[in-house]
Structures are given as structure tokens and as C-alpha cells.
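Input: a single structure, listed below in C-alpha cells.
None of the figures in this text is laboratory data; all of them are computed from the coordinates on show. Remember, it's a predicted structure, so these values are computed and weren't measured experimentally. All Cβ positions, even for glycine, are placed from backbone atoms using ideal geometry, and neighbour counts span all protein chains on display.
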Amino acid sequence: MVSQIISKLIVLFMLISLYMLITKIGERKKKQALIWTLLFLLPVAVLIILYNVYK
């Protein structure tokens, strides 16, 4: 139950950050686009690390 909630929140966070990334690229705001890119890649990096730890 808790894991489903956490996974849905992670997906929601990634969708929001991807949307913000696309809008900032469209507005040509490079610094903010870079920040949103890092925020989008943060959960991906954590999931890769956790996968390798518990493999």
C-alpha cells in the first residue's frame, strides 16, 4: 500500500518536472531548464542506485 503511494508520487513528480523542463526550454531559460533536468534525473539516479544495491 505505502509502496504504491510512493511510486505514484515519484511518477507524478517526474511528470511535473518533465513538463516544467519542456516549458522552460520553450521559453529559452537555460538555467531553469538545467535545474528541472537535474530534478527529473534525480529519481532515476536513485532508482538505479537502489536497483544495484538490492540486486
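Treating the angle as unsigned and between 0 and 90°, give the value, to the nearest 10°, between the Cα long axis of helix 2-26 and the longest Cα principal axis of the chain.
Compared with the principal axis, the helix lies near 20 degrees.
Which number gives the lysine pairs in the chain that have C-alpha atoms under 29 Å apart and are eight or more places apart or on different chains? Can you show the working numbers first?
Working: Lys8/Lys24; Lys8/Lys29; Lys8/Lys30; Lys8/Lys31; Lys8/Lys55.
Count of close lysine pairs: 5.
Given [x] 50; [y] 65; [z] 127, which label gives volume of the Cα convex hull per residue in Å³ as computed from the coordinates?
[y]
What is the chain's relative contact order, in percent, from Cα pairs under 8 angstrom and six or more apart in sequence?
31 percent
Could you check the spin-label model distance between Val46 and Ile22? Points 7 Å from the Cα along Cα→Cβ, value in nm.
Calculated label separation equals 2.3 nm.
Beta carbons within 10 angstrom, averaged per residue: use that to sort the peptides 2-10, 20-28, 35-43, highest first.
35-43, 20-28, 2-10
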